[in-house]
Structures are given as structure tokens and as C-alpha cells.
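The values are calculated or read from the model by the stated rules, or taken from the named source; none is laboratory data. Remember, predicted model here, so these are calculated numbers, not experimental data. For neighbour counting, all protein chains shown are included, and Cβ atoms are generated from backbone atoms with ideal geometry for every residue, glycine included.
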């Protein structure tokens, strides 16, 4: 992408006014997507992202600049702008880079760019029409097949010169059902850090479509959820979005380093029920949020964030790690070269616990089973959140009963993880995109079936 020798000269220019660290992040990415609506292919698009970002540190000061011109002249101009913005000192630093090969723990068998659009359309149609034909009550379906080939290069004044190629594939089906004049939507969108072989071994497009349609039909025929404070069992897989949003962001150095996190200064303290162990693991082979190296060139790690309720570590990037006095944890990520890297999640999940899944429900006298979570909002400083529930059922006398719609979960992250009183054994992971200061990145959420002993449920 950019030669080692050019990177050495550009980094030397970047630190020429007194910076103590400089970094180049270069990328060349191709995003390919196919969209269907109204029973036909609406768009087929390719988007190429290419450029470089240069960042310099001096103590606790940081300056970042970016450019689409990745010639040596363009990179030198970008480095000069960053250096001049940092200060007016002088430095003579010789930068020596050594290439590092980290290997690839996410093998790809069928690179999507080698597969014809006709074959990709066939896969998408399988999912689309499985939803469309699920029931006469399905009134609209949209479908997307996405593949991304994301190539990155990182070089820095610590001597790192490393590259990675990240290929991801995802299918997403959204179905709209109408029953007695009431409309509801259903969605399912699994993805992997894989190529098109995902549809041979991991994901069945037809089942994706059926799952989206079934959820839409179930919710369109449901009554409204009652409001109140009650026990809530939260389903596995994408149910982990609550931990991701309400707690995960508060464990990122981007908020911890400035003391604005609800968990700042609590290392070694009990912050969750002893049944809760939570991890951020970028090393899971072929998982959607996995990486070989982060966007600062640090190898991916399996970070135990909470162990048996005790806070063990945070997710740390290089710059915020300076303020915290902590080493980076392989957690630095960015959407593309035009964003500034910061600490972000990869695959974040609550580990399997000691409880029997059937008992989690059977011991509930009255409550809610949140089978599938939707979107929501959270304040990472306070941990206060509000999440919609995409698919929910009432629980009475230990039995899952009628579906209900309009449910939401309202609470505070630090309170909720203390109130997780049962953790099951059916760990699963869900695919998502996470937006924050460094842009939108692929992340995985996950958990087994869990139960919160008491939480506010919004409804009617």
C-alpha cells in the first residue's frame, strides 16, 4: 500500500516539531452492496475508500490530519500540517520500521469479489422471498447483501509496520406485517468475518428471511405490553446489546480516562453480580467484530472485563492509555482513515453462567421475556439507558405466554448488572454496527439467556 521507506520519511517529518509519537494509518477498502425491494433488485453499488490519516502525540496532546493523496508528496504535506499544528519545536529523529506479520486467524475461503453479482443476487433472493412468502400478512420486505474488503496499513515511530485485510459478509432482511390494521416489523441480519462461504457453513439465507417474517407476524398480532417494575429474562445473542450499550461503552478508555465513566476508578471492585463474567474478545475466529490487529497495530486480545462480578480491566487505546497509565489492549478502532482512532469494542459478551435455562423462566412468577432486543439510547457517563424490545412475551407462573409489543427497558447500567441474578448456558453472538466518536464499526454483542431480578418496563 505504502512502502516502508516512504513511511519512515513521512513519520520523521511528523515528529519534526517535537512530537514523541507519530502514526500513519492507511486504507484501501471496497464496500459492495445489493439491495432488494418490491420483489426486485433496486441497487447494486460499489464504494471505494482510500486515503491515510496521520496522528502525532506530545505528552497528553494529540493532533490528527488526513488526506486522500497517498503519494509521498501528499503524505509529507499531511505530516507537515500535523507537525505544525502540534507546535514549533525541532527534533531530529531517525525512524526505523520493521515489518511485523501477525498472521490471520480469520481464514476466508471464497473472496466475495470473485463471486458474480448473479450468484450474490440468488442468495439475497433466497432470503427475501422466504420472508415475502412466509404469510399473506407480510406486506413489505427489504433485503441487503453486503460484503466489505477492508485493507489497512499501520506504521508508527515505535517501529511497527503492519498490514491486515479484513473481509466481512452480511445479509439483512427486514419484513413488515399488517394484521387488523396494525403494522410491525421484523429484522434479522447475521454477518461474519468471512467470505461467501458463510452461506455454506454458517448462515442459511432462507432461515434469515423466515426469522424476520415470523417476528413481524408475531408482533403485529400482539397486544400491548403492560408497564411496571418486574423481573425480565433477556434472550441470548443480540440480547447482549444491553451490556454493550449500558456498560460496555463505560468500560472504554475514551470515557474512563477523563473520569466521566460510571466505572472510572473501580478496578478491583465488585460492579456486577458474582454470576456475571464479561469479555471483549477480538480473537474469536471469523466473528463479525474480530480483528488480527487493531487500528494502532496492537494485536487483538481476549480481555476479561468483569470476572465473577469484579472489574478487571478497561478497553484501552494508546493515547488514552497515556492518561490512565495503562498499556493498550488491542481496542483501538476507527471507521476509516478520516476518523481519529479511540478505544472501541470488538466482540463483547457475557459468558455462560451456572444456571439452567429452563429454570430461569420456570422460577419467574410474573415478568417479561425479551426474546429479541431492538435499538435504544444510553448516556455513557451515567449509564442510563432506554431500549426497545423487538420481540417480547409475558411470563406467568413459570410459563412463556402471549406476545406483547411496545415494550421498552429503562434503567442504569451499573444497577442492572448488579441485578442479573441468573445467567444461563446458551451463549450466542449477534451482529451489529456501533457508532461513536471514531465512526461506525462492526461489533458483535452476545450473551446466554439471563435474568434481571427487577427493571422498569415501559409499555401501556
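The set of residues in segment 64-81 being under 30 Å from the mean Cα position of the chain (by Cα) and either at positive phi or without any contact (Cβ under 8 Å) to a residue 24 or more places away in the chain (or both) consists of 65, 67, 68, 69.
Among residues that are surrounded by 21 or more Cβ atoms within 10 Å (Cβ to Cβ), touching a helix residue (DSSP H, G or I) at 6+ places or on another chain (Cβ under 6 Å) and either in a loop (DSSP other than H, G, I, E, B) or at pLDDT below 95 (or both), residue 296 is included. Here 195, 191 are screened, and the one residue that is buried (at least 21 other Cβ atoms within 10 Å of the Cβ) and closer than 21 Å to residue 216 by Cα is 191. When restricted to residues that are crowded, with 22+ Cβ neighbours inside 10 Å and either within 30 Å of residue 173 (Cα to Cα) or over 25 Å from the mean Cα position of the chain (by Cα) (or both), segment 14-26 contains 4.
On inspection, residue 53 does not qualify as at pLDDT 95 or above, under 30 Å from residue 171 (Cβ atoms) and touching a strand residue (DSSP E or B) at 6+ places or on another chain (Cβ under 6 Å).
Restricting attention to segment 124-147, report how many residues are part of a strand (DSSP E or B) and over 26 Å from the mean Cα position of the chain (by Cα). Give the derivation first.
Quick first cut of segment 124-147, residues part of a strand (DSSP E or B) only: 138-147.
This time we only want the ones that are over 26 Å from the mean Cα position of the chain (by Cα), so: 138-140.
Going through segment 124-147 one residue at a time, the tally reaches 3.
Looking across segment 349-379 at every residue that is touching a strand residue (DSSP E or B) at 6+ places or on another chain (Cβ under 7 Å) and in a helix (DSSP H, G or I), the one that is nearest to residue 307 (Cα to Cα) is identified as 360. On the basis of being in contact with a helix residue (DSSP H, G or I) (Cβ under 8 Å, 6 or more places away or on another chain), surrounded by fewer than 19 Cβ atoms within 10 Å (Cβ to Cβ) and farther than 19 Å from residue 336 by Cβ, does residue 4 make the cut? The answer is no for residue 4. Of all residues being in a loop (DSSP other than H, G, I, E, B) and free of Cβ contacts under 8 Å to residues at least 60 places away in the same chain in segment 314-337, which is surrounded by the most Cβ atoms within 10 Å (Cβ to Cβ)? Just the residue, please. Step by step, filter segment 314-337, then rank; the result is 330.
A Cβ distance below 6 Å, combined with a sequence gap of six or more or placement on separate chains, defines the contacts here; from segment 197-223, residues that are touching a residue at least 40 places away in the same chain (Cβ under 8 Å) and at negative phi reach residues that are assigned to a loop (DSSP other than H, G, I, E, B) and surrounded by fewer than 22 Cβ atoms within 10 Å (Cβ to Cβ) in the pairs 197/109; 197/110; 210/134; 213/134; 217/135; 217/137. Within the set 155, 172, the sole residue that is part of a strand (DSSP E or B) and either out of contact with any strand residue (DSSP E or B) (no Cβ under 8 Å at 6 or more places or on another chain) or farther than 30 Å from residue 14 by Cβ (or both) turns out to be 172.
Residues that are without any contact (Cβ under 8 Å) to a residue 40 or more places away in the chain, surrounded by fewer than 17 Cβ atoms within 10 Å (Cβ to Cβ) and assigned to a strand (DSSP E or B) within segment 389-412 comprise 396, 399, 400, 401, listed in sequence order. Of the residues making up segment 89-109, not a single one is at pLDDT 95 or above, in a loop (DSSP other than H, G, I, E, B), in contact with a helix residue (DSSP H, G or I) (Cβ under 7 Å, 6 or more places away or on another chain) and farther than 20 Å from residue 55 by Cα. Among the residues of this structure, residue 259 counts as one that is over 21 Å from residue 241 (Cα atoms), surrounded by fewer than 21 Cβ atoms within 10 Å (Cβ to Cβ), out of contact with any helix residue (DSSP H, G or I) (no Cβ under 6 Å at 6 or more places or on another chain) and at pLDDT below 95.
Is it fair to say residue 417 is out of contact with any strand residue (DSSP E or B) (no Cβ under 7 Å at 6 or more places or on another chain), at pLDDT 95 or above and either part of a loop (DSSP other than H, G, I, E, B) or surrounded by 17 or more Cβ atoms within 10 Å (Cβ to Cβ) (or both)? Yes, satisfied.
Residue 426 meets the conditions (1) at pLDDT 95 or above; (2) not in a loop (DSSP other than H, G, I, E, B) in every case but one. The failed one is (2). Looking at residue 25, is it in contact (Cβ under 8 Å) with a residue 60 or more places away in the chain, within 30 Å of residue 300 (Cβ to Cβ) and in a loop (DSSP other than H, G, I, E, B)? No, not satisfied. A residue that is touching a helix residue (DSSP H, G or I) at 6+ places or on another chain (Cβ under 7 Å), touching a residue at least 12 places away in the same chain (Cβ under 8 Å) and part of a helix (DSSP H, G or I) cannot be found anywhere in segment 32-51. Can you say whether residue 358 is under 28 Å from residue 289 (Cα atoms) and either surrounded by fewer than 24 Cβ atoms within 10 Å (Cβ to Cβ) or more than 24 Å from the chain's Cα centre (by Cα) (or both), as far as the supplied structure shows? No, not satisfied. Filtered by the rule that a residue be out of contact with any helix residue (DSSP H, G or I) (no Cβ under 9 Å at 6 or more places or on another chain) and buried (at least 21 other Cβ atoms within 10 Å of the Cβ), segment 368-388 gives a lone residue, 368.
Here are some residues: 264, 272, 287. Which one is without any contact (Cβ under 8 Å) to a residue 24 or more places away in the chain, at negative phi and in a loop (DSSP other than H, G, I, E, B)?
Answer to the check: 264.
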